[in-house]
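As structure tokens, the structure follows; a few thoughts come after it.
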Amino acid sequence: MDQPLYPRYHQNILIAAVVLTLVAAARPAGACGDGEVRRIFERVAALMHVRVEADRPCPEIVTRDAMPPERFSALIGLDTGGRVFPAYIPSANIIVVEPGRPDLLAHELAHYFQVVYWGMTENDSRDTVERQATAVERMFREGEGSEP
């Protein structure tokens, strides 16, 4: 016959369950990326008051030097004269980043959240879209991306 758990073990099991629940809740479900990218993703989501959802597609993040200029021009739909610059490309859900510039990644992630979570389109005011992303970039840079 099985022995029932002693009361002191119940307390340990309860504590372990609470700890596991808190660890699972500490990271938003579906947060994208690993390491520094994930930290920036989560920080931008917090700055924009976005609740991350697991069923939303994560953007592919590509460094500027790894993106062929011809492909970049084709994806954004205009001739860039062989230049590749930081950008969020909604049609491909790709973010092109400048290595070593987490503030610019924050800016482009703001565009990702605008499109994927808020439903903004190219028909929305370009001035408004850019002002919001620039504000996120500035808040990220000034706060050095620290947690709220």
_Amide H contacts of residue 63 (H built 1.01 Å from N, under 5 Å, at least 5 apart or other chain)_ = 97
*Of all the Cα-Cα pairs you can form in region 78-132, what percent are over 15 Å apart?*
50 percent
_Kirkwood estimate for region 50-148, i.e. one over the average of 1/r between Cα atoms, Å_ = 14.2 Å
*Got a sec to turn the phi values of region 91-108 into Karplus ³J(HN,Hα) couplings, 6.51 cos²θ - 1.76 cosθ + 1.60 with θ = phi - 60°, whole Hz, x for Gly and Pro?*
4, 10, 6, 10, 10, 9, 10, 9, x, x, 10, x, 5, 6, 5, 4, 4, 5
*Length released on extending from residue 130 to residue 65, taking residue separation times 0.36 nm less the Cα-Cα span*: 21.0 nm
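Each value in this text was obtained by applying a stated rule to the coordinates, not by laboratory testing. Quick caveat, the model's predicted, so the values are computed rather than measured.
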